[in-house]
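Taken together, the values in this text are just the output of simple stated rules run on the coordinates, not laboratory data. The structure displayed is predicted, hence computed values, not measured ones. Neighbour counts are summed over all protein chains in view; Cβ atoms, including those assigned to glycine, are modelled from backbone coordinates with ideal geometry.
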Amino acid sequence: MKITVVVHTAPWSHQASATALRFCQAALKAGHVIHRLFFYYDGVHNTSTLAVSAQDEIDIPAEWQRLIREHEIDTVACVSSALKRGILNDTEAARYERTASNLSPAAEISGLGQLIDATTHSDRVVNFGA
Amino acid sequence: MTDTSAPPSASHRRLTFISRRAPFGEDYPRACLDMVMAAAVFDQQVNYVFMDDGVHQLVSGQAPAAIGAKDLSAQFAALSLYGVENVFADRQSLLERGLENAVLSIPVDVIDNACLQRLIQDSDQVFVL
């Protein structure tokens, strides 16, 4: 089955991010395809490379990055959500003259159209944290 | 930062968006509206449903500028220009909040639970924000 996963919450503020991560791992293990992973609203914080988690806690953004790389999952952080929350790639950091960029290299910044497009090409869209 | 993907030509889905939060305490109402607009731009068949505290978003004559918030109703007015004609408000939610006679900023179809159930059943995908 082709599944699109939408994550609406930041890691640590809500269990939904970790649940989404485990859902993706389980779905892939069961032979399903993650067609696209879309981070919306506070969910874009999952794509930050600057977050530092406590040593005895799961590093959720790092886990996402590992999963995305391993399975080459098409991953998008919503542009309007990301910019407001300070999740920037090099291009956006330069465009808005910010001092740093922090978007995971495993993700790209794009628009909500990517979510609608994924919806039309997936058998299921599963939302976490909304 | 722009969305360069072309709208899908053949794939039309029935997408239902249910907005359940009050207008200005959180940013979810706008996040939902943005999804609705994006779906409309991509030529999908859209149902936009207001229920629970979400019905407060529809009440006319709000002054969000007083708290530095954006006016949602200006964008609501543009919905029909985007081809979003199926806008619904949940009757029970209006009644519970004393809004059954309130002046709303846009025309909506007031629906009951059974109708909402059918909308959801007939949808390919439902987003709840």
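In table form, for the structure just shown:
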item: Farthest toward positive dipole pole in the stretch A:1-106 [+1 Lys/Arg, -1 Asp/Glu at C-beta], among A:100, A:3, A:45; result: A:3
item: Average beta carbon contacts from partner chains per residue of B:34-45, 10 Å cutoff; result: 4
item: For the stretch B:86-128, convex hull volume per residue from C-alpha positions, Å³; result: 84 Å³
item: Top of A:85, A:66, A:95 by mean-square fluctuation, Gaussian network on chain A, Cα under 10 Å; result: A:95
item: CD proxy at 222 nm, helix term only [per DSSP H run n ≥ 4: -39500 (n - 2.57); per residue of chain A; nearest 500]; result: -10000 deg cm²/dmol
item: Electrostatic dipole magnitude of chain A [Cβ: Lys, Arg +1; Asp, Glu -1; Cα centre; debye, to 20]; result: 240 debye
item: Label-to-label distance, nm, for residues given as residue A:94 and residue B:95 (7 Å Cα→Cβ offset); result: 6.0 nm
item: Exercise: per-residue mean of other protein chain Cβ atoms within 10 Å, A:119-127; result: 5
item: Antiparallel bridge percentage (DSSP; both residues within the protein assembly as shown; nearest 5); result: 5 percent
item: Label point distance in nm, residue A:101-residue A:15, each placed 7 Å from Cα along Cα→Cβ; result: 3.7 nm
item: For the protein assembly as shown, radius of gyration divided by Kirkwood radius, i.e. Rg to Rh on alpha-carbons; result: 0.98
item: Top positive-direction residue, dipole computed over the protein assembly as shown with Cβ charges, set A:89, B:72, A:31; result: A:31
item: Rh by Kirkwood over Cα pairs, then Stokes-Einstein D for the stretch B:58-117 at 1.306 mPa s and 10 °C, µm²/s; result: 124 µm²/s
item: Helix runs (DSSP H) in chain A reaching 15 Å along axis by Cα, Kyte-Doolittle at least 0.0; result: A:16-29
item: Of every Cα-Cα pair in chain B, the percent that sits beyond 25 Å; result: 23 percent
